[in-house]
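Enquirer: Below: one structure in structure tokens.
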Amino acid sequence: MPGSDASPNAARISRRGFFGAAAGSAALALWPGSSARAAAPIARRLREDYVGRLCYNENPLGPSPLALAAMGESLNLGHRYGDWYAESLRQQVAALHGVAAQRVLAGSGGTEMLNLCARGLVTPGCNVVCPYPSYSQFPGDAALYGAEVRSASLDDDHRVDLGRVAQLIDAQTTAVCITNPNNPTGTVLSAAALAGFAEALPAHVALIVDEAYHEYVHDEGYASAMELVRQGKRAIVIRTFSKVFGLAGMRIGYLVGAGDLVNALAPLQTWGTVTRAGIAGGIAALGDAQHAADTVALADATKAYCFAQLDALSLEAIPSETSFFMVDVGQPAGPVANQLAQRGILVRTGWGMPRHLRVSTGTMAEMQAFIAALADILGQARVADLPAAATAMHGNFPNPVADRTAIRFTVGEAARVRLQLYDLQGRLVRTLLDEPREAGHFEVHWSRDDQRGRRVEAGVYYYRLAAGAQVETRRMILL
């Protein structure tokens, strides 16, 4: 199945116009890979999270509850050094992909893995070949280590052109790095095209494939390059826990590669770059297929919404197989991005594409706010068929729960609202709310007692919000 390779994929949607809160005061915002721009302080939906940060391709659902529980448990040994080279995580990754653990390295995000490849594969007088525009980590690091970076332009459909890449390879080329799906364009190479390219690659050239957004792909012709590694090709595949697994702040990534390449890179790696909590969270996240499926489904839903609205605004978006997309705003994108930032919505520009914005998929509420703000900035009187605010479950905080938690949600229009907690057998544990409510934001506190006032045992539970015809369910872990 596209986007699987033993990886998860299914939905959750929310909505709320929020951006006015940040419009009042401007400040200077900086993020990696972009120049400074004027921006309002990032608005807060909740104390624990950002709203409108559509510039980093982060997971709007956050970490999986299983990962949160595992990371919390790991803190009990926070005073002890952890697994120097993330051996336990490497074992799990090896089993997932059907390779020996010796073929796996883990580190501080895909960032460390790409840097490690640059350090290990750059030699005096060498060159590396990369598509452009694409993710800049590997070519940037390779240039710092002394390599000549050769850039192959994309084709007219904003896809990596492997023919152009091949034309730049010579006897001094040590590596080709391809991001698939491509960042920032969101396009993919077919499995057949990549396999043919790998087959024709000279033996002295290593193929690096960055698959940070692999789990989001639905294109039938796509497949992970992991199969090239399993077939013995001189290739490296890099994955991250920052995207579909929602662990960007924990900095976890890994590579799977040919034996000779991994053997050359391993001695260069600094020990202890993944924390004990990161390892625990990564292992648990790999086992939470439902959370990954919910994440992919939300990205699908928000892209579908945005693409329909952008089409109504006569704006062209590049079809995307990722958790972001690019849209041509028909004018210099920098000033448009600045105006969005003043409204609390951060997006990206650059990559030699002066009229394009790159927009991460957030919650449905964030995407509707983005569309409304963009339409206003571009002088559109209204957005076609912009739906009214919908009921949205924002989550419970903290989760996992020790003694007390707050469940936060939005009601889009007046309705009878019922909030109930169930165990895994579907038995009602507690009705927390059952009454009419007007449209607005609400917070319900729960102190871990059941209908009879008894303390609820540790375990996994579900809480269900029903408002009119809209229903949403989330998981909660009790410690």
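The values are calculated or read from the model by the stated rules, or taken from the named source; none is laboratory data. Every value quoted in this text rests on a predicted model; they were computed, and no experiment measured them. Backbone-built Cβ (ideal geometry, glycine too); neighbour counts: all protein chains shown.
Enquirer: If a residue must be over 29 Å from the mean Cα position of the chain (by Cα), of a type in the set (S, T, N, Q) and part of a loop (DSSP other than H, G, I, E, B), how many such residues does segment 163-204 contain?
Expert: Matching residues across segment 163-204 total 1.
Enquirer: Let me ask something else about it. Mind checking whether some residue in segment 83-103 is crowded, with 21+ Cβ neighbours inside 10 Å and more than 22 Å from residue 225 (Cα to Cα)?
Expert: Yes: one or more hits.
Enquirer: Inspect segment 148-162 for any residue being within 29 Å of residue 202 (Cα to Cα), of a type in the set (Lys, Arg), more than 27 Å from the chain's Cα centre (by Cα) and outside any helix (DSSP H, G or I) and give the result as yes or no.
Expert: Yes, that holds for at least one residue.
Enquirer: Any residue at all in segment 57-65 that's in a helix (DSSP H, G or I), modelled with pLDDT of 95 or more and buried (at least 21 other Cβ atoms within 10 Å of the Cβ)?
Expert: No, every residue in segment 57-65 fails to be in a helix (DSSP H, G or I), modelled with pLDDT of 95 or more and buried (at least 21 other Cβ atoms within 10 Å of the Cβ).
Enquirer: Another question, then. So, in segment 205-226, of the ones that are in a loop (DSSP other than H, G, I, E, B) and in contact with a strand residue (DSSP E or B) (Cβ under 6 Å, 6 or more places away or on another chain), which residue ends up surrounded by the most Cβ atoms within 10 Å (Cβ to Cβ)?
Expert: Filtering segment 205-226 for residues that are in a loop (DSSP other than H, G, I, E, B) and in contact with a strand residue (DSSP E or B) (Cβ under 6 Å, 6 or more places away or on another chain), the one surrounded by the most Cβ atoms within 10 Å (Cβ to Cβ) comes out as 225.
Enquirer: Further question on the same structure: Do any helices (runs of 4 or more DSSP H) lying entirely in segment 232-337 carry at least 1 residues that are basic (Lys, Arg) and more than 22 Å from residue 56 (Cβ to Cβ), and which ones are they?
Expert: 276-286
Enquirer: Going by the structure shown, is residue 349 in a helix (DSSP H, G or I), out of contact with any Pro (no Cβ under 7 Å at 6 or more places or on another chain), crowded, with 24+ Cβ neighbours inside 10 Å and of a type outside the set (Asp, Glu)?
Expert: Judged against the criteria, residue 349 is not a match.
Enquirer: Looking at (1) in contact with a Gly (Cβ under 8 Å, 6 or more places away or on another chain); (2) at pLDDT below 95, which is the only condition residue 111 fails?
Expert: (2)
Enquirer: For segment 411-431, what are the residues that are small (Gly, Ala, Ser), surrounded by fewer than 14 Cβ atoms within 10 Å (Cβ to Cβ) and at pLDDT below 85?
Expert: Within segment 411-431, just 426 meets the criteria.
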